[in-house]
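Novice: Below you'll find the structure I mean.
The values are calculated or read from the model by the stated rules, or taken from the named source; none is laboratory data. Because the structure is a prediction, the values reported are computed rather than measured. Note: ideal-geometry Cβ built from the backbone for every residue, glycine included; neighbour counts use all protein chains shown.
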Amino acid sequence: MSGASGPRKAGEKIVSREEAKPRVERWRQEGKRVAYANGCFDLLHIGHVRTLEAARQHGDVLVVGLNSDASARRLKGEGRPLYSERERAEMIAALACVDLVVIFPEVSSLPLIMALKPDVWVKGGDYVLETVNQEERAFVESYGGQVALAEHVEGVSASDLIARVKSLPES
C-alpha cells in the first residue's frame, strides 16, 4: 500500500493527539486506510518491528500510540521503561513503516483510539482476540473498525532480553 506523503525526519513524525487528529482526518479524506498499533516499545526488538510492519500492511498509513514514561512504568513496573518516551518515540518514528507516533499518558490507549478512530487496530502476535483490551476492541468494532493480530515471534520480549543481559558475565 502506498505511504503518506509526510515528514521524513523521525522527530517530525512525533505529534500530539491534537495534531494527529487533523492529519488522520485528511488521510481519510484522501481515501487512505488508517492502521493503528500501540505499546510501550520499551526495548525495541524484532517482534516489535515485525508487528509494526504487519500493521502497516493493513493500511496506507500507520499511526503508533506510545505509552508515556509514567504509563509504561504503571504497566511494566519500577525500573521501566529503559528508554525515555522521547527516545522510544524517535526509534519507532525512524522506522519506514511508521507515519506518526503519538505519546499518550493513559495506561489504556482507548482515549487515543477514540480520538483517531483507526480503520484497523493491530496488536502483536502475543495476543489473541480474547486477550486484547476488550473495551478498546468493542469501541473499534462499534464504528466498523477491525482488530487484527500480527504473527507471533517466538522467544522475543523486552523482559526476556533484559533477563539475558542480566545473566551475561561481567567483562
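Novice: Evaluate the following for I92: is it more than 18 Å from W27 (Cβ to Cβ), part of a strand (DSSP E or B) and either touching an Asp or Glu at 6+ places or on another chain (Cβ under 6 Å) or of a type in the set (V, I, T) (or both)?
Specialist: no
Novice: Restricting attention to the stretch 49-65, does a residue exist that is among the basic types (K, R) and surrounded by fewer than 19 Cβ atoms within 10 Å (Cβ to Cβ)?
Specialist: yes
Novice: Given (1) over 24 Å from E151 (Cβ atoms); (2) in a loop (DSSP other than H, G, I, E, B); (3) not aliphatic (A, V, I, L, M), where does C97 come up short, assuming only one miss?
Specialist: Among (1) over 24 Å from E151 (Cβ atoms); (2) in a loop (DSSP other than H, G, I, E, B); (3) not aliphatic (A, V, I, L, M), the lone unmet condition for C97 is (1).
Novice: Residue check, G77 against (1) touching a residue at least 24 places away in the same chain (Cβ under 8 Å); (2) over 14 Å from the mean Cα position of the chain (by Cα); (3) surrounded by fewer than 20 Cβ atoms within 10 Å (Cβ to Cβ), all met but one. Which one?
Specialist: (1)
Novice: Another question, then. Would you check which residues across the stretch 1-59 are over 17 Å from the mean Cα position of the chain (by Cα), more than 19 Å from W121 (Cα to Cα) and modelled with pLDDT under 95 and list them?
Specialist: Scanning the stretch 1-59 gives S5, G6, P7, R8, K9.
Novice: Could you grab the pairs with beta carbons closer than 9 Å, sequence gap of 6+ or different chains, first residue in the stretch 84-108 and polar (S, T, N, Q), second one surrounded by 16 or more Cβ atoms within 10 Å (Cβ to Cβ) and in a helix (DSSP H, G or I)?
Specialist: Between residues of the stretch 84-108 that are polar (S, T, N, Q) and residues that are surrounded by 16 or more Cβ atoms within 10 Å (Cβ to Cβ) and in a helix (DSSP H, G or I), the close pairs are S84/D69; S108/S71; S108/E136.
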